[in-house]
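What follows is one structure encoded as structure tokens, with my remarks underneath.
The values are calculated or read from the model by the stated rules, or taken from the named source; none is laboratory data. Because the structure is a prediction, the values reported are computed rather than measured. Positions of Cβ are generated from backbone atoms using ideal geometry, with glycine treated the same way; all protein chains shown enter the neighbour counts.
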Amino acid sequence: MNDIGIALYVLIQLYTLLVIIRVVVEMIASFSRSFSPPRWFSMIAEPIFKVTDPPIHLLRRAIPPLQLGGVALDVSVLVLFVLLNLLAALVGVIFI
């Protein structure tokens, strides 16, 4: 049981790391309009986006953007990050 818990915990942490990498890539692309990634960068980023897209799109449909004046803030990635950390803590309490 302990090995299963450790494996689940590591997988959740790796997925959390992929979400953080996705946020960094999105921030670079949004702040630098002239950003044109090299081919090798696109080959690395595309699988990360494919793996992290399903839960983020699900949360984007469920949670509307937060309106702050004239700016709409997408909180779906933040909610996913919090949920992943709660899940990791739950796995730690139950299995480890």
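Okay, residues lined up against (1) touching a residue at least 24 places away in the same chain (Cβ under 8 Å); (2) of a type in the set (Ser, Thr, Tyr):
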| residue | (1), (2) |
| --- | --- |
| VAL10 | no, no |
| VAL23 | yes, no |
| SER32 | no, yes |
| PRO47 | no, no |
| GLY70 | no, no |
| VAL77 | yes, no |
| LEU86 | no, no |
| LEU90 | no, no |
| PHE95 | yes, no |
Applying the selection to the stretch 57-76, what residues are surrounded by 10 or more Cβ atoms within 10 Å (Cβ to Cβ), more than 13 Å from the chain's Cα centre (by Cα) and not in a strand (DSSP E or B)?
-> ILE63, PRO64, PRO65
Scanning the stretch 25-56 for residues that are surrounded by fewer than 10 Cβ atoms within 10 Å (Cβ to Cβ), in a helix (DSSP H, G or I) and either modelled with pLDDT of 90 or more or not small (Gly, Ala, Ser) (or both) gives PHE31, ARG39, TRP40, LYS50, PRO54
The correct count of residues that are more than 21 Å from LEU11 (Cβ to Cβ) and not charged (D, E, K, R) in the stretch 26-71 is 25
